[in-house]
Amino acid sequence: MTRLRFVMIGGFLGAGKTTTLSRLAAHYRQRGLNVGIVTNDQAADLVDTNSLRSQGLSVEEVAGACFCCRFDDLVGCVGKLEQDRRPDIILAEPVGSCTDLVATVVQPLKDLYAMRFEVAPYAVLLKPSHGLKILRGEPAGGFSPKAAYIFQKQLEEADAIVLNRIDELTPAQIDELTRLVKQRFPATPLVTMSAKTGQGLEALTGLLDQQGVFGRKILDIDYDIYAEGEAELGWLNAGYRVEGPTAFDLDGLLLDVVQRIQAGLPDGAEVAHLKAIGLTEGLFGVANLVASGMPPELSLASRERTAVVDLIVNARIAMAPEKLEQLVRDVVPQTTTAVGAGAHLVSMQSFRPGRPTPTHRYAEATALQ
């Protein structure tokens, strides 16, 4: 039986993993391959999952903890995708604040499911906005040293580092990031890419298609620092039903939601990622913000006017989750009122992630894998 090709794309919150998976899915489908996707987060009802499904992709979601702590759920989600339509390739997107994935996901898959999965090189996306500050060693790198520790550990275990979002960078910034990465991780291949425009995608797919011995970098990691760094990020997932007597501009609403949340953040509340998606009658739009000092952007435009929309807000911000929740509860009704619509709260979750407790953790790479 032909084994499933398992492609996991890591990277910090806001690095562009979902956009990259969308690009990769289109690439593999053009090659005549069936693609299944597994997304992952600390809570259910993700913007990413809804966005990918709205693009006609087969998507399953592991919620409640990262892949490492829900390893059996990850394998189960792949099984569900196989029942629907047997995929040739599985694209997996782990939680953006998760690391140690080689020891807890890649190695267990290679050892326990060697006959079922063929695991591709593990590529990790480098987020430039925070990467420049963290790799420079700036004391005001946006996040605390404990959160920055996770960022750096993600890069350390990668088979390849992918400098994404180069369309947002100057040539000087690309040169500096390239130099910093090569200084810190000289033996790790580096790819430069823009998932948004598609520039550099061929280099990434060429890397992911490689056969060989990959996924063997077992981290020396302090789980106390890791857990504390992840817990510093307040996590929120909220769902609203927005309805009005007349049609309003969906893209404008999404951007306004993100802008108002950004404007209401207290000092020091660094944004890891903030996303808002609007879903209506088979159409959708997405607005996001990937760092506090950057402007929000409409990453996927709906170009739609509607009187009814399902709005989902996902936020990952370095602040108390209860304060983040109150901010969103204030902002969404203000935003919808401004367009003459009302907002009905459907779901709300806000919390600090608990300590990672992997299902499996390999102390060393398995033989011949």
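Odds and ends about this structure:
- Per-peptide packing, taken as the mean over residues of other Cβ atoms within 10 Å, places 216-225, 102-111, 18-27, 72-81 in the sequence 102-111, 18-27, 72-81, 216-225 from highest down.
- The peptide list 305-314, 270-279, put in order of mean Cβ contacts within 10 Å with the highest first, becomes 270-279, 305-314.
- Antiparallel bridges, percent of DSSP beta bridges restricted to the chain (to nearest 5): 60
- Taking other C-beta atoms within 10 angstrom as a stand-in for reagent exposure, Arg179, Arg361 fall in the order Arg179, Arg361, fewest first.
- Left without a cysteine partner by the 4.7 Å Cβ rule in the chain: Cys68, Cys69, Cys77.
- Taking the longest Cα principal axis of the chain as reference, the axis of helix 145-156 is set at about 50 degrees.
- Rg/Rh ratio calculated on Cα atoms of the range 4-230 (Kirkwood radius): 0.94
- Neighbour counts of C-beta atoms inside 10 Å place Glu364, Glu156 in the sequence Glu364, Glu156, starting with the fewest.
- Eligible lysines near Lys110 by straight Cα distance, threshold 24 Å, same-chain separation 8 or greater: Lys17, Lys80, Lys153, Lys217
- Mean Cα-pair separation over length for the range 56-146, i.e. relative contact order, pairs under 8 Å, 6 or more apart, %: 19
- Reachable aspartates and glutamates, given that their alpha-carbon falls under 18 Å from the alpha-carbon of Lys323 and they are not under 8 places away in the same chain: Glu230, Glu232, Asp267, Glu270
- Spatial separation of Cα centroids for the range 34-92 and the range 191-215, in angstrom: 21
- Choice from Phe67, Phe151, Phe248 showing the highest fluctuation, given a GNM over the chain with Cα pairs closer than 10 Å: Phe248
- Relative contact order of the chain, defined on C-alpha pairs under 8 angstrom at six or more residues apart (%): 21
Read-outs throughout are calculated quantities, based only on the coordinates presented, and are distinct from any laboratory measurement. The structure presented is a predicted model; accordingly, all values stated were derived computationally and were not measured. Cβ coordinates were reconstructed from backbone atoms using ideal geometry, including for glycine residues, and neighbour counts include every protein chain displayed.
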